[in-house]
Every structure is written in C-alpha cells, then in structure tokens.
Amino acid sequence: MLLQIFKSKIHCVKITQSELNYVGSITIDEELMEAANLYEGERVQIVNNNNGERIETYVIRGERGTGTICLNGAAARRAQVGDVVIIISYALMTHDEAKAHKPTIIFPNENNRLN
C-alpha cells in the first residue's frame, strides 16, 4: 500500500501576479522551487490564508530570484495579488519510506525571497 505523505511546503508567500488568460498552473520563482524541492509539472495544493480557498494545480518554473508567485488560468480567480498562500506538495510512499521521510519546508521573507 502507498500512502500520500506531505513532501514539501512553501509557507506564507504573497501572490505577486494573476494571469486569467493562461492555460493554467502556478508560476513559482525557480529559487523557491529548488529550496522547497518542487519540480516543474508537480501537482501542488494552494491554501489561501486570506479567503480560505484551497485549489490544486501544477508548477511552472518562474524566473530565478524574482519572488514570483503567479496564479494562472482559472486559479487566478481564487486569489488576489497580495494574498498570502501556502503551497504544499505530497508524495506517494511506502509505509517504510513514510516513516523515514522528512518534509522540506521553507519560510520566505515578506518579499518572497529566501533569507
């Protein structure tokens, strides 16, 4: 049996951009992606601290060092620029893998940058 286990989290970043007329996804600064162990195309859950919305989409690599967190397509309707969100990913693991797993959690500053 495989368990779905919390893998990665970018805790409390601000939405910097919203692009409704886009195919979909969330664009994340490449530096934040790497620090959080997220991959382009990976499924993520986005939790909006401002309005309680929870959505799922996939990651697109954003320009390194920009602090970009951009909701694209239909997801753009679920948050405003400036909203604070948490971005979470999960992974399928065996029981033994899950017992040994340590999730990656990053805490960017108020400008979506690593300290």
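Only one entry of Gly62, Gly52 meets the criterion of being more than 11 Å from the chain's Cα centre (by Cα), surrounded by 20 or more Cβ atoms within 10 Å (Cβ to Cβ) and modelled with pLDDT of 95 or more, and that entry is Gly62. When the stretch 15-31 is filtered for residues that are part of a strand (DSSP E or B) and in contact (Cβ under 8 Å) with a residue 60 or more places away in the chain, the ones remaining, listed by number, are Gln17, Ser18, Ile26, Asp29. Inside the stretch 10-25, can you point out the residues that are in contact with a Gly (Cβ under 9 Å, 6 or more places away or on another chain) and buried (at least 16 other Cβ atoms within 10 Å of the Cβ)? Within the stretch 10-25, Val13, Lys14, Ile15, Thr16, Tyr22, Ser25 qualify.
Looking across the stretch 27-41, the residues that are buried (at least 18 other Cβ atoms within 10 Å of the Cβ) and under 11 Å from the mean Cα position of the chain (by Cα) come down to Thr27, Ile28, Asp29, Leu32, Met33, Ala36, Leu38.
When Val59, Val81 are screened for being within 30 Å of Met1 (Cα to Cα), among the aliphatic types (A, V, I, L, M) and in contact with a strand residue (DSSP E or B) (Cβ under 7 Å, 6 or more places away or on another chain), only Val59 passes.
Of the residues making up the stretch 72-115, those that are within 15 Å of the chain's Cα centre (by Cα), part of a strand (DSSP E or B) and over 13 Å from His11 (Cα atoms) number 3. Here is a check on your reading of the model: is Cys12 over 30 Å from Ala98 (Cβ atoms), under 11 Å from the mean Cα position of the chain (by Cα) and not in a loop (DSSP other than H, G, I, E, B)? So Cys12 fails the test. Residues in the stretch 57-115 that are hydrophobic (A, V, I, L, M, F, W, C) and without any contact (Cβ under 8 Å) to a residue 12 or more places away in the chain: 1 in all. Within the stretch 32-52, residues that are part of a helix (DSSP H, G or I) reach partners that are surrounded by fewer than 22 Cβ atoms within 10 Å (Cβ to Cβ) and of a type in the set (A, V, I, L, M, F, W, C) with beta carbons closer than 8 Å, at six or more positions or on different chains, in the pairs Leu32/Ile106; Leu32/Leu114; Met33/Val59; Ala35/Ile106; Ala35/Leu114.
The values are calculated or read from the model by the stated rules, or taken from the named source; none is laboratory data. Note that the structure is predicted; figures quoted are calculated from it, not measured. As a convention, Cβ positions derive from the backbone with ideal geometry for all residues, glycine included, and neighbour counts pool all protein chains shown.
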